[in-house]
Amino acid sequence: MTLFGTMSRNRRSPGRIRPWRTPSHLAVLFALFMALGSLISTTSADVLAAPQSGAADLAGQFQATGTSSLQVDVVRCPDGFDPNDLFGDCHNAGILDVSVQIASVDPSLGIDQTVFTAPVSSPGPGRSNFTELPVGDYNVTVGLSPEAGVRYYVYCGIEGGGQPLPANPDDALSTVVTVPDATNVACDFYVIPTETQPVPESTIDLFAFNCEAGSPQDDGGLEFADFQAACTDVAAGVDFTLVNADTSEIAEVTDQDGQAEFAYPAGSPIEFFSGVPLGSNEVLFCSTDLGEAEEVAIDTDGVFDFANATAEDRTCSWFLIAQDEATASPTEESTTVPTEVATVVPTEEPDQDSSLNLVAYLCANDAVADPDAAGFGDFQSACGSVAPNIDFQLNTGELQGVETTDANGQVSFTFPAGEEVDFFAAVPLGSDEHLFCSVDGGDAARVAFDGQGVAQFPNTEATAQTCSWYLVEAAQATEIPIDQPTEEPTAEPTAAPTEEAIDLAEIAFFPSVCPQGFDPSTQGVDYETLSANCAQGVADVAFTFGNAAGDDDIRVSDGQNPIVYTGLAPGAYTLFSDVPLQAADEYVFCVADGGNRYQKELNDRGVTAFAELQREQIVCEWFIVPIGERGEETGGSLEIHLAVCPANYTGNTIFDDCHGNGLEDFEYELTGPDGTQTGTTEIPQDPGPGVVQFTSLAPGDYTFVGGPPGDFGDIRLFCSTQPGNETPEFSIEGGMASLTLGENEHVLCDWYFIPEDSSGPTPTPEPARAEILVTLFACPSPDSGTYGGASLGTFQEVCTDTVNDVNFRLGDAASAPLNALTGVSGEGAVRFFELLPGDLTMTPSLPSNLTSAAVFCTIDDGSPYQKALSNGGTTFVGVNGQSIACSWFAVEDRIEPAAVATGSITIREYLCEADASEIVDWDAECAPGSTGTSYTIGNTASGATADGTPDANGVFVFGGLPDGFYTLEQNTGNWCRAVADRVDSQSRVIVEGGGNTDVVLYQCNALEGLPDTGTGPVTSDGDSLSGSLLSVALGFLVVPLAWGGWLQAHRQLATISSVDSTLSSK
């Protein structure tokens, strides 16, 4: 059975991670034991620095990270299925429009969601997706009515390969699933017919009628009774067709009484349509199981859809309303309405759910002469090619969902009535798209898109929308050079279409390996050559996908299917394989949003970056060229990964538990056919193992020894060949390992050290523990302007309301972050304490109606100082035993848009005594002040400019600015460093939502005798770099992507989509 989700496979070597980040230092063995001590929580507090398992039970003091997901597929096995191969025979027989409910077992998590199953592919399962889930146990309930003659089976897969979970004996359609952190979990619910029971059957008894042109009269809402009274002529000889999920068709013709009957298997959706010309005015009412008659929506292809999840008996009346120009009339007439037709008039109470059924089409570039002026009929006649695999997103105030068009270009949404709907397609902003919709069977009318490609529906009451979406293809573009990929063209920010919009990017790639005999030195490594010669999929290669927060998702290739990362939030991501650098070369080629193919760069550690990903759909091919296919051989190699486990570790997931705890500065000695050589471990990625490499090795028998002394603990060793992941001949005894290395063979060994005891006394003193207390305040939206340049006193006077239940995240690159809700340490407050030394970044998950404005802190009750905001958070540098207290101010969104432009850019100058190369802590070593120079901003859209000179405190506010991109120039001299909370990849300052953007400029060598500001040693530098260093270190991370401008307009994503950047100066 194939399960989707995170899979960290214990192969012969239990998982692989390629190191690539900057190290932290462990110098001696005693420091090793102290590092082990830091892994263990030693006290209880509001939020502990290193929580153990079970810490989440401390009365709501922890908030889960919300990085997991749960996928539920509901399927029905067909006749003749193999009971030993449920997945192969049943998984594509999906049941659609079935409610799936998940509810957290722990009430404090507050998760209770219901999503109806929708098609993934045709054929395919009926699927419900639940994303951004916190860690915990969940009750999963499938809303199918129990049937006679079937049994139910549930299979759930979790990290590590999956485990079967039996159905609940009291309710065979429910189970309890444990969702780990940062893990994708997949559950399959099978409806399995028993051998002794027949397949449930649904029926349709149909009565067809003709209506005269203009009848019935529409007096403000036609009901079934109106059609019954006005349309009494039976329609004989009309063809009707019913199609079920396995594409089998049932065709019937109405008899002389206008009647036809259909019987078909239950369990899969059906399509039902007549043989009248497309565009005819036809209306269908049906009652289910003798219930009330309700109108059934018809799509633009003249098709009526029924979910058919369970056996149902329908009685339907079909009415064909004649066109004004029609002359023919039915030959048979009857004044008696068949008694089988439901006669109960539907109640006046409308359905509380709205629906949107859409068919997507592609239009050739010149198919429609003037698309903006063309009508629905023009598009119908010109654009007949359906558009599969297009993502559409629909958002209301309480729900948001993404569905993908099937092979017929169709997609459906069902959602509660009452709140306005935002609807848009995942195509590049500026695409030539057109939408026509009919409401409750009315005429199709054009629906306008706003400047961000979003269509809006009022949805004040339940309606059935039937829509046709047309995408006019752009003129053929020239090929983009592969050395200049453009993943994110910048667009001007405008108002967000909805505060609830989410971003669902996707990255898929297929790993393949070049065969024996392929010589890249003569054949080349361009895409055409590699795709033609190296298409063979490779299995058992681990790939690590990481985000800026240090979270890793490890997947192992199977050689047959692509690896897919879905539901990706905006941000920067990295990807690398576990193939040792000396074992193979790797080449990656990608296509973003169906555009031109480009080659991805890999750095010297084999890592490629997807910088500032937004909503792109990226498909890549990952080619591995083994060293044996590179031409001249350079011998074999051995790479050792040294990591430490917790004291007395006995677990069976050693890779997941220990591999990230690397040790450096430990020597290894390798002895073999060519003598003895030594190497010392380094940590290129933190978290990650200590790494030492031995290359150009001759074949033969080797011994190697090193790492912490075996007298202090045990050693576990795992070795595998690369890139094949086979098991070489190796062993370890008494702390000395033996290995037989083949000709040009490359071996990777994980060396795990397990201390016997880390609790004894050591000569290293216990490091001081710090604490950070933060209180969140909400600031009312100003009547005009912004809070740009406001002082702490202004914020304290105006922003008096505290905000509870907002998650704050605190962490560093070397450990899992801490999460806690405001309010656990007082009104609007949360306290993190028992913090070990390090650089700590704090980021809140603000509600969509709040935007961070300023953060002021004190250290050890010293003078308050303002911290720089970056990426929605702030960083405390060199935390080491201090007591830090901060006030975090966030501004509420305006209820009504301002009549005039209200945006602002605030310049804050800081004067530094030293040169940039000598400064470690910028805010501690620099002070607010002014050089006297002026600054010029320019709006890139209008060309308007403005000048200003900061005051004695280094502050100047450019006010009354419209949303847009702005250049910033210093008119005298050059700054040495800049930090801003919203900057694009071209170093332009972003103003959006009528808000303020702070730009902090540091002037080096600007004063002597730095005044004491009382800020102490802990300040925020936003992790940014200065001048040319930024372009070198982050240049590969700041690549424009197609949806950057669109998403920068979303309030709730403003801080996520921003990046630290150095602004250009004269």
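The values are calculated or read from the model by the stated rules, or taken from the named source; none is laboratory data. This one's a predicted model, so the numbers in the text were calculated from it and none came from an experiment. Cβ sites come from the backbone with ideal geometry, for glycine too, and all protein chains shown count toward neighbours.
If you go through segment 451-497 and keep only what is small (Gly, Ala, Ser), surrounded by 14 or more Cβ atoms within 10 Å (Cβ to Cβ) and either modelled with pLDDT of 50 or more or part of a strand (DSSP E or B) (or both), you end up with GLY451, GLY453, ALA455, ALA462, ALA464, SER468.
Residues of segment 130-153 being farther than 24 Å from GLU201 by Cα and among the hydrophobic types (A, V, I, L, M, F, W, C), which ones? Those that are farther than 24 Å from GLU201 by Cα and among the hydrophobic types (A, V, I, L, M, F, W, C): PHE130, LEU133, VAL135, VAL140. Counting only residues that are surrounded by fewer than 19 Cβ atoms within 10 Å (Cβ to Cβ), among the small types (Gly, Ala, Ser) and either under 20 Å from the mean Cα position of the chain (by Cα) or farther than 12 Å from TRP469 by Cα (or both), segment 380-439 holds 8 of them. You will find that of VAL991, VAL957, VAL999, the residue that is within 27 Å of ILE919 (Cβ to Cβ), crowded, with 24+ Cβ neighbours inside 10 Å and either free of Cβ contacts under 8 Å to residues at least 12 places away in the same chain or not assigned by TED's automatic domain parsing to the domain that holds SER791 (or both) is VAL999 and no other. One residue alone among GLY938, GLY872, GLY948, GLY878 is in contact with a Ser or Thr (Cβ under 7 Å, 6 or more places away or on another chain) and within 18 Å of ASP839 (Cα to Cα), and that residue is GLY872. Any residue in segment 606-627 that's hydroxyl-bearing (Ser, Thr, Tyr): show its pairings with residues that are in a loop (DSSP other than H, G, I, E, B) at Cβ separation under 9 Å, as long as the two are six or more apart or on different chains. Correct list of pairs: THR608/GLU601; THR608/LEU602; THR608/PHE1036.
If you check GLY606 against the conditions, is it modelled with pLDDT of 80 or more, within 27 Å of SER521 (Cβ to Cβ) and part of a loop (DSSP other than H, G, I, E, B)? Against the criterion (modelled with pLDDT of 80 or more, within 27 Å of SER521 (Cβ to Cβ) and part of a loop (DSSP other than H, G, I, E, B)), GLY606 qualifies. For ASN596, the criteria (1) under 27 Å from the mean Cα position of the chain (by Cα); (2) at pLDDT 80 or above; (3) under 29 Å from PHE694 (Cβ atoms) hold in every case but one, which is (3).
Looking at ASP219, ASP246, ASP226, ASP239, just one residue is of a type in the set (Asp, Glu), modelled with pLDDT of 90 or more and on the phi < 0 side of the Ramachandran plot, and that residue is ASP239.
Would you call ALA901 part of a strand (DSSP E or B) and out of contact with any helix residue (DSSP H, G or I) (no Cβ under 6 Å at 6 or more places or on another chain)? No; evaluated as a whole, the condition is false for this residue. Annotation note: Cβ proximity below 6 Å between a residue of segment 565-593 that is more than 30 Å from PHE130 (Cβ to Cβ) and without any contact (Cβ under 8 Å) to a residue 40 or more places away in the chain and a residue that is part of a loop (DSSP other than H, G, I, E, B) and polar (S, T, N, Q) (sequence gap 6+ or interchain) occurs for no pair.
Here's the yes/no breakdown for (1) modelled with pLDDT of 90 or more; (2) farther than 17 Å from ILE270 by Cβ:
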{"residue": "CYS286", "(1), (2)": "yes, no"}
{"residue": "GLY291", "(1), (2)": "no, yes"}
{"residue": "VAL296", "(1), (2)": "yes, no"}
{"residue": "PHE304", "(1), (2)": "yes, no"}
{"residue": "ASN308", "(1), (2)": "no, no"}
{"residue": "GLU312", "(1), (2)": "no, no"}
{"residue": "PHE319", "(1), (2)": "yes, yes"}
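Does segment 394-410 hold any residues that are touching a residue at least 60 places away in the same chain (Cβ under 8 Å), touching an Asp or Glu at 6+ places or on another chain (Cβ under 8 Å) and of a type outside the set (D, E, K, R), and which are they? Listed by number, the residues that qualify are ASN395, THR396, GLY397, GLN400, VAL402, THR404, GLN410.
Within segment 611-621, does at least one residue satisfy the condition of being in the same structural domain as PHE730 (by TED's automatic domain parsing), within 30 Å of ILE563 (Cα to Cα) and surrounded by fewer than 21 Cβ atoms within 10 Å (Cβ to Cβ)? No: zero hits.
Of the residues making up segment 647-657, one or more are surrounded by 21 or more Cβ atoms within 10 Å (Cβ to Cβ), within 25 Å of ASP750 (Cα to Cα) and in the same structural domain as PHE730 (by TED's automatic domain parsing).
For beta carbons closer than 6 Å, sequence separation of 6+ or different chains, a first residue in segment 87-115 that is within 29 Å of LEU821 (Cα to Cα) and a second that is part of a loop (DSSP other than H, G, I, E, B), the qualifying pairs are SER104/ILE111; SER108/GLY60; LEU109/PRO134. Residue check: is ARG831 assigned to a strand (DSSP E or B), of a type in the set (Lys, Arg) and more than 23 Å from ALA770 (Cα to Cα)? So ARG831 fails the test. ASP219 satisfies every condition listed in (1) touching a Phe, Trp or Tyr at 6+ places or on another chain (Cβ under 9 Å); (2) without any contact (Cβ under 8 Å) to a residue 60 or more places away in the chain except (1).
Is there a residue being at pLDDT 85 or above, outside the structural domain of LEU530 (by TED's automatic domain parsing), in a loop (DSSP other than H, G, I, E, B) and out of contact with any His (no Cβ under 7 Å at 6 or more places or on another chain) anywhere in segment 625-645? Yes, segment 625-645 has at least one match.
Residue count for segment 729-768, restricted to those that are at pLDDT 80 or above and either surrounded by fewer than 19 Cβ atoms within 10 Å (Cβ to Cβ) or in a strand (DSSP E or B) (or both): 26.
Taking segment 950-989 as the region of interest, the strands (runs of 3 or more DSSP E) fully inside it that hold 2 or more residues being not hydrophobic (A, V, I, L, M, F, W, C) are 955-961, 964-970.
Residue count for segment 590-609 under the criterion of being under 22 Å from ASP686 (Cα atoms) and among the small types (Gly, Ala, Ser): the result is 2.
Would you point out which residue out of THR566, THR608 is surrounded by fewer than 18 Cβ atoms within 10 Å (Cβ to Cβ) and out of contact with any Gly (no Cβ under 8 Å at 6 or more places or on another chain)? Every option except THR566 fails the conditions.
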